[in-house]
Each structure stands twice: as C-alpha cells, then as structure tokens.
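First the structure, in the form of structure tokens, and then the observations on it.
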Amino acid sequence: MTNLILFGPPGSGKGTQAVTLAEKYGIIHISTGDLFRYEMSNNTPLGLEAKSYMQKGELVPDEVTIGMLGNKVEANPDANGFIFDGFPRTVAQAQALDRLLSDKGQEVAALIALEVDDDEIVARILNRGKTSGRNDDNDELIIRNRIDVYNRETAPVFDYYAQTGKTKRIDGIGSVDEIFQRLCAEIDAL
Ligand code: ADP
C-alpha cells in the first residue's frame, strides 16, 4: 500500500498531477478541495460551512476537514493506497492523518512537494479562474491570502514530515508531462 501526499502551494499543479498519478499507480485520489466543492454544489450543511471559509481563502477548520477526510478513507477499505491532494494543510491535520493510517497499520510513504514561485502561482490561478467557475480563483487579493495561509499554516507540514525523512522536492515549473515524469521518478524510487 502506497500513501502519498502531493504537496505545494495553491495552483502548483497538485490536482492535475494527482489524477494521472492515481491512475498510473492504482491508488485513490482524495482532494479535500474537490470534496468541499462537491458538498457546496449540493448545498449540504458541510458545504455551506466550508463555503464561508473558502470564499475568503481561509482554511476550513481542522475538525471539519479531518472528519470529512476520515470518512472518505474509511469508505475505501480495499484501496491499494491513497494520493492526498490539498491535505494535510496544517500540522494538526498531518498528525490526524498519521493516526488514521497507523490505526490501519499503514503510514505515509512520502510527501512530494511541487515548488513554484508566488508570481507564477498568481498568474496560473488567475488563468484557471477564467474557466474554473471558482470565486476564489478570480480575485488577486484572495489568491494572495491563500498563499499567505499556505506559508503560515501549511509550510510547517513539510518540516513535520522532513523530520522522518519522507519529504522530496520537485521543480514544479515545466510542462505537465515533464512534471509528471519527475514525480514518477520519485515515486518509482520509493
Ligand atoms: P488550491 O490548491 O488551488 O488552493 P483546493 O481545492 O485544494 O485549491 O482548496 C480550495 C480551498 O478549500 C482552500 O483555500 C480552503 O479554503 C479549502 N480547503 C481545501 N483543503 C483544505 C484542508 N485540508 N484544510 C482546510 N481547508 C481546506
């Protein structure tokens, strides 16, 4: 069983790469952002709560996010592994993930970080906003806030996994295919 965390700032290409990696390695892709957007589109209580944070570029509270993620993992008992995209975004979420996996006798195999600089991120997200229909992709102030939240709350997750030697860094600039090849090289070497 291979459990991977695809890590990096908003707009670094995690979602794009996670879909094809999940296919190639036969593991399940879990994107907490996609799960929240699904709940929002169905106007569920969870979706309405998430929306109030997402539209400001803030994180949804940990207990809400961790509960939702746990349900998704439990719903796939026969999975060959998972690729987590957009989770964990705080150290508390990372600790919860480690507990959840260790209860199953599993662990995180690696955290792979896509490195992309801030200006490139803003440009990519604004471009995505033309077609994504996401409010949080259309406003540079919200995008900059998401980057600040990432630096403040999410970047420490890298250090948390670095302590156990599980972190890898990948240059996130290049074509989608080039970056995919870089990711596969890291995963194949695990
Ligand atoms: P991006 O990577 O482009 O920011 P996501 O779809 O991963 O897009 O996340 C969109 C928003 O969903 C975040 O800004 C945040 O409000 C919320 N969200 C997603 N994942 C989490 C998480 N693990 N913890 C808290 N909030 C989250």
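The values are calculated or read from the model by the stated rules, or taken from the named source; none is laboratory data. Only a predicted model underlies this, so the values are computations on that prediction, with no experimental measurement involved. Backbone-built Cβ (ideal geometry, glycine too); neighbour counts: all protein chains shown. With ligands, DNA and RNA removed, areas are computed over all heavy atoms of the protein, side chains included. Shrake-Rupley method; radii C 1.70, N 1.55, O 1.52, S 1.80 Å.
Projecting label points 7 angstrom from Cα along Cα→Cβ for S132 and S175 puts them 2.4 nm apart. Here the accessible area is traced with a 1.4 Å probe on the protein chains. For the chain, carbon and sulfur cover 48 percent of it.
Kirkwood radius and radius of gyration were both taken over the C-alpha atoms of segment 80-190, and their ratio Rg/Rh is 0.99. Largest GNM mean-square fluctuation among G47, G133, G165, using the chain with Cα springs under 10 Å: G133.
Near G172: Cβ cut-off under 15 Å, other residues only, Lys/Arg at +1 and Asp/Glu at -1. The net charge is -4. Within the listed set I173, I147, I30, the Gaussian network model of the chain (springs between alpha-carbon atoms below 10 Å) gives the highest mean-square fluctuation for I173. Helices that extend 15 Å or more along their long axis by alpha-carbon positions and average at least -1.0 on the Kyte-Doolittle scale are, among the DSSP H runs of the chain, 14-25, 62-74, 91-102, 118-132, 176-188. By DSSP, the beta bridges lying fully in segment 2-188 are antiparallel in about 0 percent of cases.
Taking the helices alone, the chain has a mean residue ellipticity at 222 nm of -16500 deg cm²/dmol, built from -39,500 (n - 2.57) per DSSP H run of at least 4 residues and averaged over all its residues. The Rg/Rh ratio of segment 27-158, with Rg taken over Cα atoms and Rh as the Kirkwood radius over Cα pairs, comes to 0.96.
Computed about its Cα centre, the charge dipole of the chain is approximately 180 debye, with only Lys, Arg, Asp and Glu carrying charge at their Cβ.
Here the Gaussian network model covers the chain, with springs between Cα atoms less than 10 Å apart; of F84, F180, F158, F180 fluctuates the most. Per residue, the accessible area of the chain comes to 49 Å², computed with a 1.4 Å probe over protein heavy atoms only. The largest accessible area among R152, R134 belongs to the first residue in R152, R134, and the rest follow in falling order (1.4 Å probe, all chains). A straight Cα-to-Cα reach below 30 Å connects K51 with the lysines K14, K72, K130, residues fewer than 8 places away in its own chain not being considered.
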